[in-house]
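First comes the structure, then the notes that go with it.
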């Protein structure tokens, strides 16, 4: 979980407290890099939250144990966040190009 | 503010109260429709079953020894017993169509070839087989009960037996025991649970290991030779589980099915050969009955009401051929009880709704066969009589021109017609004139009565009156809609931004509603509540941190708020770990199990510690809120509570149940609470001397504090000792939540506060060890402090113990009340407006939340009425939902009445003061 949420932000922002505040506390990411940090991090957390749902069901599957279920959810959420942020980045670039032309 | 003037306090109260009344009516209609209370006869049938209804013999049969009783029954019945021993072979999960085919078509070739001996018995007429249709739920225990008692049980029968599984109703096993039969049971241990101490020899097999198809039957068959060789038993029950397990693993067409059927056929051959060998002419032989409790679907499962699942077998085989008879081989599973009773000369069980399978009795004379029908009719007539009060059959005059209306009259006429035909046939018969046609007409008349009576009685148990249920649901949905729209009308600022935690609160309800459709989610509901509440508080924490970062650290009480939320989260986690709860994982360790292992010393010291902890918390929170100058009030309160507290401490440390002491504690707590409620608004100084504000808010706070303290102290007394720390933790959670909300700063809407408290209450309910099954209700605690037996008081105590947490949360709403409306109003105090502003949200939000859950759950229950788990999971949960509704009603009423009273008193005092000073 920490890899998904904190490491990208730590690498990019370092100790710039204002940046941390902007992305995580106020949730107002600016620019592509911010999006790429913000969305997957939130995606991982939300994915992990949803990943906990199959646990009480009595299907007796191996992957329903803790923490496998939740981890799968986190990974899935992270990937979805990545895809979304890449999509947004591409979309943004296209708009910039159009404006430039 | 302008749009609120339309909704005055009076209108609001009127609509709310009427919505609640509609909801109660709807709920009652639904419950009456879904859980029918069918009148039953208590006790066991005895000599009176051999006389017509209305004649009660004077002789008391309980004093007769079994042998004598047997001969008395034989004398009275007039039917000679055809057999003197019974072998009941239950093949679990065998559909009748494997053996008998379906709709005049023979069974599949594979199955016919797998059971050659049985097919030969059927072909040569030595055996007769019936399709005995079973009633849902097609699960072993209810079906066995129906087989032996002839009565179709409902949920209320299950619920009333939730303490013990022993079958206490009248049934053929008990009747046979009474006449001195010795019984041996080999097979499914369900029989041992249903009839403890009735079997002279037994070898119970656990039904738990579904994957085992071989050992489970071998364990039964290994005793077979020995038992068939011995002569000391009269009833031998063999219950084979293997076939059911084969079905569960591989379905109907599993490759293991044919070999298993061959194995069963071998067993049948062995038993039947032994019967033929031991059969002596002119002595009653042994009857072999092969039955199944239910069938199975294509995939091998069972529990519902489809044809494949309800198609059970009832096969009779003996040493002699049955006479050739017509081919009507459809019957009901409940017919087995009356048939067996009449075969062996015991009274038919008193609540039986089945009709006798006549073709088994073809060895008897015509006269005796009519006697069987007569006995069966008398028994059904007696049962029908309990459904209609003031029913005496002799009073009705039946014309043939009467329309066949439903009700007592039509049954009576039908029976009287048969009885009179019987009488005329009997008189003709005694004059030695054979009258074949007359005989058939008597039989048809009896069958007509028996058929309609049996159908009517069965439908009383299984039919769900859809119109009644739909009306109930409609009423409940209507009330829910009314309450929700009232809530929306109350909302002051419609345009403000919705925060994440607010949407989350709404989302929780939707998620809960969706999860109710899954039986696992209902069984493990504690996880859902804990998960949702913790997530909600994490979101609140995030919001607080956000606001601190935005506004800087100067917002007052910011660290207080963070500590409060963290306290709630930590307590929540400990509560989750205290009781494992649920149904599927109860074997995992939890804190309470660890404590119980450690010993009572630890538990008692923890109990004492929790009481002290609670007292400290309560004192702290009182002192923290009220300013120093109110010291006199504080002192008074603490003094008042000192006595009950001391008494509770003594009670707990002596660890003996001193009834007088406990009753004194009840009385003291009750009197102090009511006394403070009534007296405080008058005694409290009207204006705060320093801040010149009305102390209405303080008064409400103190009253809320009183309720919370009394309730917590009561719980300390009533809950199990191992549950005392969780109650303390729950109190900490509630108080921390209150503290968080009351420290200004982040502006949280009032409905969010109320909803959060409600959720904490529900999560805590499961944290105290309650689940959605009836088994976790603490029955022992309901008798604390009662000197004489009283169902009502025990019921109230049980309710207090079970619903400790939700009630605590509801009562604590008083400690964080929005009383600005009182301060802001002018000289002419508009009582209605104040009450609406103050009470609107705290009363409506719990009602709305509960209504949504109630309506959603009722619909789920209706949809799941034929589900496998309807009686074991969904119905108990429904009982809990109803009890929660009652809890919410009571809590909201208490809050509403207390605040109304205080407000009225303060308004009066204010008016008086203004008029005297002005």
What number, in nm² with one decimal, is the all-direction average of the projected area of the convex hull of the alpha-carbon atoms of the protein assembly as shown?
-> 56.3 nm²
Computed over chain B: longest principal axis from alpha-carbon atoms vs helix B:366-387 long axis, angle to nearest 10 degrees, is 10 degrees
Relative to the longest principal axis of the C-alpha atoms of chain B, give the angle of the C-alpha long axis of helix B:558-578, reported between 0 and 90° and rounded to the nearest 10°.
-> 20 degrees
Taking a ≥ b ≥ c as the square roots of the eigenvalues of the Cα gyration tensor of region B:832-918, is the shape rounded (a/c under 1.5), prolate (a/b larger than b/c) or oblate?
-> prolate
Highest average packing first - B:757-764, B:577-584, Cβ atoms within 10 Å = B:757-764, B:577-584
If we count other beta carbons within 10 Å of each Cβ, what is the order of B:85, B:143, B:201, B:423, fewest first?
-> B:423, B:201, B:85, B:143
How far apart, in nm, are the 7 Å Cα→Cβ label points at residue B:792 and residue B:889?
-> 1.6 nm
Using R₀ = 22 Å, calculate the FRET efficiency as 1/(1 + (r/R₀)^6) where r is the Cβ-Cβ separation of residue A:88 and residue B:500; round to 0.05.
-> 0.60
Could you please rank A:59, B:871, placing first whichever residue has the fewest other Cβ atoms within 10 Å of its Cβ?
-> A:59, B:871
What fraction of the DSSP beta bridges in the protein assembly as shown is antiparallel, stated in percent and rounded to the nearest 5?
-> 35 percent
What share of Cα pairs, in percent, lie more than 55 angstrom apart in chain B?
-> 30 percent
When the distances between all Cα atoms of region B:661-814 are binned every 5 Å from zero, what whole-number percent does each bin get?
-> 2, 8, 15, 18, 17, 16, 11, 7, 4, 2, 1, 0
Sorted by average packing, counted as other Cβ atoms within 10 angstrom per residue and highest first, what order do B:27-33, B:170-176 take?
-> B:170-176, B:27-33
Mind checking the mean number of beta-carbon atoms from other chains within 10 Å of the Cβ atoms in A:51-57?
-> 5
Quick note on B:454, B:306, ordering by fewest other C-beta atoms within 10 Å, gives B:306, B:454
Rounded to the nearest 5, the percent of DSSP beta bridges in chain B running antiparallel is 35 percent
Relative contact order, percent, of region B:515-672 when contacts are C-alpha pairs under 8 Å separated by at least 6 residues?
-> 16 percent
Spin-label model distance (nm) - residue B:560 vs residue B:270, 7 Å beyond Cα toward Cβ = 8.0 nm
What are the extents of the Cα atoms of region B:123-263 along their three principal axes, listed from largest to smallest and rounded to whole Å?
-> 41, 39, 34
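How much length is gained on full extension from residue B:71 to residue B:459, taking 0.36 nm per residue of separation minus their Cα-Cα distance? All intermediate terms of the calculation are to be shown ahead of the outcome.
Values: separation 388, 0.36 × 388 = 139.68 nm, distance 3.62 nm.
Here the answer is 136.1 nm.
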If one compares the long axis through the Cα atoms of helix B:791-802 with the longest principal axis of the Cα atoms of chain B, the angle in degrees, nearest 10, works out at 60 degrees
Hey, could you pull the Cα Rg and Dmax for region B:1-151, both in Å?
-> 28.8, 91
Computed over region B:769-902, the relative contact order (Cα-Cα under 8 Å, seq sep at least six) in percent reads 33 percent
Where the centre of each part is set by its Cα atoms, how far does region B:503-524 sit from region B:285-355, in angstrom?
-> 43 Å
Mean separation of Cα contacts under 8 Å (at least 6 apart) over the residue count of chain B, i.e. the relative contact order in percent, is 15 percent
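Where a number appears in this text, it was derived from the coordinates with a stated rule and is not lab data. Since the model is a prediction, treat every value here as computed from it, not as a measurement. Virtual Cβ from ideal backbone geometry, glycine too; neighbours counted across all protein chains shown.
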